[in-house]
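A short worksheet on the structure shown next.
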Amino acid sequence: MIELFNYLSRNTTKDEFKEILNIVTDDIKFNNISFEKITKFKNLADLCQATYKLVTRKDMLWIKVCTSCGYSAWSLKYDVKCSKCGGISKCQNTR
Ligand SMILES: [Zn+2]
């Protein structure tokens, strides 16, 4: 989860990042979900991805999952080398 926010902050301006956090937080409050209840990282990742697109108007953010170790990462490229095991991380979720 921290990695996700790190990724977002690196790939957005300060204002964009603030906006994304605000929207995500509002959305979570609106849907009456507490942070503790977000057990599935994917749900938050989806939400952040959608918000990222909305705020930055970029739609090339991919969730990659390593085919060897299952480590998930975010990248703008379609296929990347896994940062954990060196295997290939393939795009799991397209836009
Ligand atoms: Zn891996």
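Before moving on, here are some points about what is shown:
- Among the criteria (1) at pLDDT 65 or above; (2) assigned to a helix (DSSP H, G or I); (3) basic (Lys, Arg), the one Lys42 does not fulfil is (1).
- Taken as a whole, the condition of being within 17 Å of Phe5 (Cα to Cα), at pLDDT 70 or above, within 13 Å of the ligand (Cβ to nearest atom) and not acidic (Asp, Glu) does not apply to Ser68.
Residues checked against (1) of a type in the set (A, V, I, L, M, F, W, C); (2) within 16 Å of the ligand (Cβ to nearest atom); (3) at pLDDT 75 or above:
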{"site": "Phe35", "(1), (2), (3)": "yes, no, no"}
{"site": "Thr51", "(1), (2), (3)": "no, no, yes"}
{"site": "Lys58", "(1), (2), (3)": "no, no, no"}
{"site": "Ser75", "(1), (2), (3)": "no, yes, no"}
{"site": "Asp79", "(1), (2), (3)": "no, yes, no"}
{"site": "Ser83", "(1), (2), (3)": "no, yes, yes"}
{"site": "Lys90", "(1), (2), (3)": "no, yes, no"}
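The values are calculated or read from the model by the stated rules, or taken from the named source; none is laboratory data. What you are looking at is a predicted structure, and each value in this text was computed from that prediction instead of being measured. Every residue, glycine as well, gets a Cβ built from its backbone with ideal geometry; the counts of neighbours run over all protein chains shown.
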